[in-house]
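Reviewing the structure listed below.
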Amino acid sequence: MNDKTANQMWGGRFSAGPDAIMEAINASIGFDQRMAAQDIAGSRAHAAMLAATGVISDTDAKVIREGLLTVLSEIETGKFEFSAALEDIHMNVEARLKELIGDPAGRLHTARSRNDQVATDFRLWVRDQLDAAEAGLIALIRALLGQAEAGADWVMPGFTHLQTAQPVTWGHHMMAYVEMFGRDLGRVRDARARMNESPLGAAALAGTSFPIDRDMTAKALGFDAPCANSLDAVSDRDFALEFLSVASICAMHLSRLAEELVIWSSAQFRFVVLSDRFSTGSSIMPQKKNPDAAELIRAKIGRIFGANTALMMVMKGLPLAYSKDMQEDKEQVFDAADNWMLALAAMEGMVRDMSANRAALAAAAGSGFSTATDLADWLVRVLGLPFREAHHVTGALVALAETKGCDLPDLSLADMQSVHAGITSDVFAVLGVENSVNSRISYGGTAPAQVRAQIARWKDRLA
């Protein structure tokens, strides 16, 4: 494959080969070869349709379809020689097909353009990635459900501002991420359904005068229907932008969980122990066990955010229909997809393998006056105090406990009555962290019974 071949691909419009700099900036084969399987699937469907509608002969279609399988085999086994002079995956495949089968290869491009061809390939590739993301999210949700079920009644501190707020259960905390990733799963499925229309047959921008059957090719490629407007079909990239948007939101959730795993696995917290499979050591400090997988997830998320912004910038000023700027869409999406799938897999492995330190969780749950809200609620419920007064009394009791160097349950009844005479010994029944979490029985609350109900709901949903 040489410059002369490339010029023949362009037709008679150009008499000289491309300048080396132009070739370098114009070629996309270095990255779009990742769409080889999708390109060949689209071409095989197109050839079958051309024969079915009488545009080409059955004999030519058969030779083309078989030749494309040979090309695919060469690519998959690493025997295919890609050429930058041929610019992209479409031209590389077509040129090799001509070498294999001769003149019939020239009939394959009838009634289509590289514009609808690349739009079809890209949609197919993104759709495959959404399917992979769905599988990854389901695996991660199952891992979180396993953790939640094991620790549905294990008490731990709930935080606001990273300060102890109220006791919750380990299961409740895990289920919070199940809900987040569950919404991500819904977004993945929504995006897939919305983008599942076929651009093939839109040709360059205006459709074609050949009697093609776009429903046939759409069905063959697993699309729900053809795109309804040929201009939109070749110029649209919002399916890729939606993919990046969905990926970015999910990546944000992954980063938040990664941050918690970094904190929780520290010697200061000791809430979790990450498996050796997802940790590394220090080159100089033998005691270290670093949560590198979590830290790398946290960092890689920025590449997904960046890809989303970059493609927005590429698309924001483009008139209809196709512009060469749109060649810059794929590298952003490819990189984001690679990092999203890797982050999902790594997080699923970490969550599945990690061990929660029940004793450390319980010890932390009882610190930091975590049952202060329970005390205030008791003052309202039993003594009939307005909540603002109860809040003030509880604050005074917290201050008293601080001066004594103890927690609220360790204050004596006399200590408490020195702040409010109406307090009775019954108050101690609400001050333990176990009592606190068991009392949070409202729907979606942290009570173990509620946590187990939510686990069961999610198991049914996934089943």
(request) State all residues of the range 152-176 that are at pLDDT 95 or above, part of a loop (DSSP other than H, G, I, E, B) and open to solvent by 30 Å² or more (accessible area, probe 1.4 Å); if no residue qualifies, say none. (result) D153, W154
(message) If I filter the range 87-105 for residues that are open to solvent by less than 10 Å² (accessible area, probe 1.4 Å), of a type in the set (A, V, I, L, M) and under 32 Å from the mean Cα position of the chain (by Cα), do I get at least one hit?
(response) yes
(request) Being open to solvent by 10 Å² or more (accessible area, probe 1.4 Å), touching a Leu at 6+ places or on another chain (Cβ under 9 Å) and assigned to a helix (DSSP H, G or I) is the filter here, so list the residues in the range 200-245 that pass it. (result) R214, S230, L231, D232, S235, L241
(message) Out of the residues in the range 61-86 meeting the condition of being over 34 Å from the mean Cα position of the chain (by Cα) and basic (K, R), tell me which one is farthest from V118 (Cα to Cα).
(response) K62
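What about R352, is it under 27 Å from A139 (Cβ atoms), assigned to a helix (DSSP H, G or I) and open to solvent by 50 Å² or more (accessible area, probe 1.4 Å)?
Working: under 27 Å from A139 (Cβ atoms): yes; assigned to a helix (DSSP H, G or I): yes; open to solvent by 50 Å² or more (accessible area, probe 1.4 Å): yes.
In short, yes.
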(request) Look at the range 171-193 and say how many of its residues are under 17 Å from E259 (Cβ atoms) and touching a Gly at 6+ places or on another chain (Cβ under 8 Å). (result) 2
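Restrict the check to the range 321-328 and report whether at least one residue is farther than 23 Å from G186 by Cα, surrounded by fewer than 18 Cβ atoms within 10 Å (Cβ to Cβ) and not charged (D, E, K, R).
At the first step, the residues of the range 321-328 found to be farther than 23 Å from G186 by Cα are 321-328.
Within this subset, residues satisfying the condition of being surrounded by fewer than 18 Cβ atoms within 10 Å (Cβ to Cβ) are 323-325, 328.
Then keep just the ones that are not charged (D, E, K, R); that gives 323.
Checking the range 321-328: at least one residue is farther than 23 Å from G186 by Cα, surrounded by fewer than 18 Cβ atoms within 10 Å (Cβ to Cβ) and not charged (D, E, K, R).
The values are calculated or read from the model by the stated rules, or taken from the named source; none is laboratory data. Bear in mind the structure is a predicted one, so any value in this text is a computation, not a measurement. Neighbour counts are summed over all protein chains in view; Cβ atoms, including those assigned to glycine, are modelled from backbone coordinates with ideal geometry. Accessible surface areas use protein heavy atoms only, side chains included; no ligands, DNA or RNA. Shrake-Rupley method; radii C 1.70, N 1.55, O 1.52, S 1.80 Å.
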